[in-house]
Amino acid sequence: LLKDMLKTLEKEAEDDEEIYDKLACWCTNNDREKTKSISDAEARIEDLTNKIEELTAVSARLNTEIKNHEKEVAENQAALDKATAIREKQLAEFNAEEKDLLESISALKSAVTVLSKHNSFIQMPMTHIQTVAMTMQRTMNKHSGMLVGVLTRSERKLVTSFIQSPQDYFDAEPTFKQSYAPQSGEIFGILSQMKETFEKNLAQSQAEEQENQKAYEDLKAAKEEEIKSGQDQIEAKTQTLAETDEKNAQSKEDIKDTKESLTADEQFLAMLKEKCQMTDGEWEERQKTRQLEMEAVSKALAVLSGDDAHDLFTKTFNPAFVQVQSGAEMSSRRTEAARVLELSAKKFHSSYLSALATKVKLDAFERVKKAIDDLILQLGNEKAAEIKHKDFCVDEFNTNQLQTEKKEREQLDLTAKIEDLDMTIKALGDAIDGLKGEIAEMQVQLKHAG
């Protein structure tokens, strides 16, 4: 029976070592994987932190640049509006001046024509003479500033005299006044000079108008180009800002998920180290206790298996006859075996060996057998408990493996999704570029059509 018990203890020790090796492998693998996962998460958090800081700085810069572009566009638009208003005012003034000059030139041409007939010795009606006088009066009153420096003082007096009494200059018979006044030819010369002055002023005004129009068109083209450039910059940087903010938000979400994963891995690793250390201690203690129990059982077995015990067994269980061994001799063997078990129990602090020693002292070998059977049963229960613990560890290992595979599949799915989104973004970007090209072409065609 003790030999069977010793074999059982040895077999349990081997099974326990096998279970421990698997558990130790599981602890090592998980420790290595979680440590690497924690290191990767910390590195990723650092990268994401730097990326978030960089994207935040880019976002702030883009916002500032967009505001500056908007301000420049507004200033350019205001300058263009102001230039347009000035140009419209200039054009209105020119149109009014041109109209006035054209009317004056036309009137002066008519007056010159009338006087040219008189110089050709054609008698003029008084109404024509009065018309010439009224034309000169209107012109002198309306364009007196323009005629400064053109007519001399004497010419102005002559014109004034003609306006007051035009008939004195074109009578058939010369009067007394006419004999001292300039002839009609002087009036003709003054009208011609006034007409030429107005024509010259009209040409200058038209030339200035052309220069003003060209200057305005150049300014307008430059401002429109600046406005378009600013608007293009705003559009491009607004798009870049949206992409930057989206990447920044995604990075913040990623760092949040990574930190949560890091916390879970750190907690799991701490639990793993604690549990594996506890398992190591328990296994060492079980190994030590089982070894001591095996040594004690071996010693007890040696006592019961000695030559004297073998002779006693032969005498007691002789096939020829059944002899009852004396109580004193049997008691001596039990006492010796009990003493060995008791010393071992005290030395190794084993409650099992102590209980077995007590049974040996008090009971017969049949009861010793029962006690040993009970000890084997108890050890079997311990084995069952250890197997249950092993199954728990295996389940934990499998669960962790499944979670790892699940995370890897999720990573692959997210990578594929990111690639799809990148392709979609690229396709949309190409479509936008195409539409911009079409819009630019339509604008060119619209300008040509205008």
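For the pairs K34/K252; K71/K436; K22/K417; K228/K252; K67/K220, flag any whose C-alpha to C-alpha distance is greater than 28 Å. Going by Cα-Cα distance, K22/K417; K228/K252 fall outside the 28 Å limit. Rg and Dmax, both from the Cα atoms of region 1-93 and both in Å, are 39.1, 133.
Normalising the Debye intensity of region 178-254 to I(0), with uniform scatterers on Cα atoms only, and taking log10 at q = 0.15, 0.19 Å⁻¹ returns -0.78, -0.90. Under the simplified labelling scheme, the N212-Q277 pair shows an inter-label distance of 9.4 nm, with each label point 7 Å from Cα along Cα→Cβ.
Each reported figure results from applying straightforward, stated rules to the coordinates on display, with no laboratory input. Source: prediction; values computed, not measured. Ideal geometry is used to build each Cβ from the backbone, glycine not excepted, and the neighbour counts take in all protein chains shown.
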